[in-house]
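**Student:** Mind having a look at this structure? Questions to follow.
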Amino acid sequence: MPARDLLAEGGPLAQVLPGYEARPEQLAMTDAVEAALESGTGLLVEAGTGTGKSLAYLIPAATSSLRVVVSTATKALGEQLIEKDIPTLRRLGLHPDVTLVKGLSNYVCRRRLEEYRQGVASGTMAPEHGLDRILDWVEDTRTGDRADLATLAEDAPVWREVVSSSDTRIGPKCRFYDQCFVTRMRRAAEAAQIIVTNHHMFCADLALRGGFTGAQALPDYDAVVFDEAHALEDVATEFFGVRITRARVETLVRDADRALRSCGFFVDPSRERSVQRSLNHMSAGALRLFAALPRAQGRVTLAP
């Protein structure tokens, strides 16, 4: 059955969505997306609000034999697709495997959480408000996605102590690897037909593929749909630059100290003093670097 037949007047969608009316623009977009997927050609669509763009590309993607990435401008739009539009596909009898893939900073790291818990228990680290809440939540959550922890504020300081990042991922040698929420998310993405992500994550995947052999943030795919593609240019421009911040250096120093303490590296006081001197030099060097750079419009820039 052509994808447009599901959206036609009196068709399957009209039977499961009361008040639904077929829209010529939506049908035309559905035809164009289906043809582009079948032929492997590019397609640029500009459609106004109320056209029904999401279903116009999701239905052809679901009825195809291709693995399709849907990249959105915001995480909120991606979550909307998962919570609203994908269930509509299932009501139409379409059951593609679908996974939502977010950036690492959306997921709790079990290893960092355990190291932080141990540090707080031993008195070597200061406790942040909300730690107990995260410890309880991590035993029940299936995703480890902070969006599922509604009782913790977005800017809660405790999150930076336990969040996943590219610097904290150590692969199969991590004792929490099989329980890791990022590992589980990536395995689900490998099995999915439709992968919903955002422009930042899509650009991260491109950067990894271009910079490291065999590295990638997303599994291989056959086609990609950019929803709100007008936002992609700014994301790509920002993403493919090189950025270093004081906060990132401080996080690296803090994580190195925590990891060494957790594995018992500091059994020798002289070794601890030597490592602490190195970490202090790193922090001090970062301070001198940023103090020496000129500033423009609130951002550190390099003079020509």
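The values are calculated or read from the model by the stated rules, or taken from the named source; none is laboratory data. What you see is a predicted model, and the numbers here were worked out from it, not measured in a lab. Positions of Cβ are backbone-derived with ideal geometry, glycine not excepted, and every protein chain shown enters the neighbour counts. With ligands, DNA and RNA removed, areas are computed over all heavy atoms of the protein, side chains included. Shrake-Rupley method; radii C 1.70, N 1.55, O 1.52, S 1.80 Å.
**Student:** Looking at Arg4, is it without any contact (Cβ under 8 Å) to a residue 12 or more places away in the chain and either over 26 Å from His230 (Cα atoms) or surrounded by 13 or more Cβ atoms within 10 Å (Cβ to Cβ) (or both)? Walk me through how you get there before you give the answer.
**Tutor:** Numbers: without any contact (Cβ under 8 Å) to a residue 12 or more places away in the chain: no; either over 26 Å from His230 (Cα atoms) or surrounded by 13 or more Cβ atoms within 10 Å (Cβ to Cβ) (or both): yes.
The answer is no for Arg4.
**Student:** If you check every pair at least six apart or on different chains, which have Cβ atoms under 6 Å apart with a residue in region 240-260 that is closer than 19 Å to Arg111 by Cβ first and a residue that is not aliphatic (A, V, I, L, M) second?
**Tutor:** Taking only residues 6 or more apart or on different chains, the pairs are Val253/Ser283; Arg258/Glu115.
**Student:** Can you go through Val162, Val235, Val158 and tell me which one is touching a strand residue (DSSP E or B) at 6+ places or on another chain (Cβ under 6 Å) and surrounded by 15 or more Cβ atoms within 10 Å (Cβ to Cβ)?
**Tutor:** Working: Val235 fails: touching a strand residue (DSSP E or B) at 6+ places or on another chain (Cβ under 6 Å); Val158 fails: touching a strand residue (DSSP E or B) at 6+ places or on another chain (Cβ under 6 Å).
That would be Val162, the only listed residue that is touching a strand residue (DSSP E or B) at 6+ places or on another chain (Cβ under 6 Å) and surrounded by 15 or more Cβ atoms within 10 Å (Cβ to Cβ).
**Student:** Of the residues that sit in region 141-168 and are farther than 23 Å from Val120 by Cβ and part of a loop (DSSP other than H, G, I, E, B), which one is modelled with the lowest pLDDT?
**Tutor:** Across region 141-168, the extreme among qualifying residues is Ser166.
**Student:** Restricting attention to region 191-218, which residues are under 15 Å from the mean Cα position of the chain (by Cα) and farther than 17 Å from Thr72 by Cα?
**Tutor:** Scanning region 191-218 gives Ala207, Leu208, Gln216.
**Student:** Which residue out of Gly130, Gly123, Gly171 is crowded, with 19+ Cβ neighbours inside 10 Å and on the phi > 0 side of the Ramachandran plot?
**Tutor:** Result: Gly130 is the single residue among Gly130, Gly123, Gly171 that is crowded, with 19+ Cβ neighbours inside 10 Å and on the phi > 0 side of the Ramachandran plot.
**Student:** Across region 17-51, which residue is farthest from the chain's Cα centre (by Cα) among those that are surrounded by 13 or more Cβ atoms within 10 Å (Cβ to Cβ) and under 17 Å from Lys84 (Cβ atoms)?
**Tutor:** Checked region 17-51; the qualifying residue farthest from the chain's Cα centre (by Cα) is Tyr20.
**Student:** Can I ask one more? Taking the stated definitions as given, is Ala189 open to solvent by less than 20 Å² (accessible area, probe 1.4 Å) and among the hydrophobic types (A, V, I, L, M, F, W, C)? Step through it out loud before you land on a result.
**Tutor:** Values: open to solvent by less than 20 Å² (accessible area, probe 1.4 Å): yes; among the hydrophobic types (A, V, I, L, M, F, W, C): yes.
Answer is yes for this residue.
**Student:** Please state which one of Arg277, Arg258 is more than 21 Å from the chain's Cα centre (by Cα) and modelled with pLDDT of 90 or more.
**Tutor:** When all the criteria are applied, what remains is Arg277.
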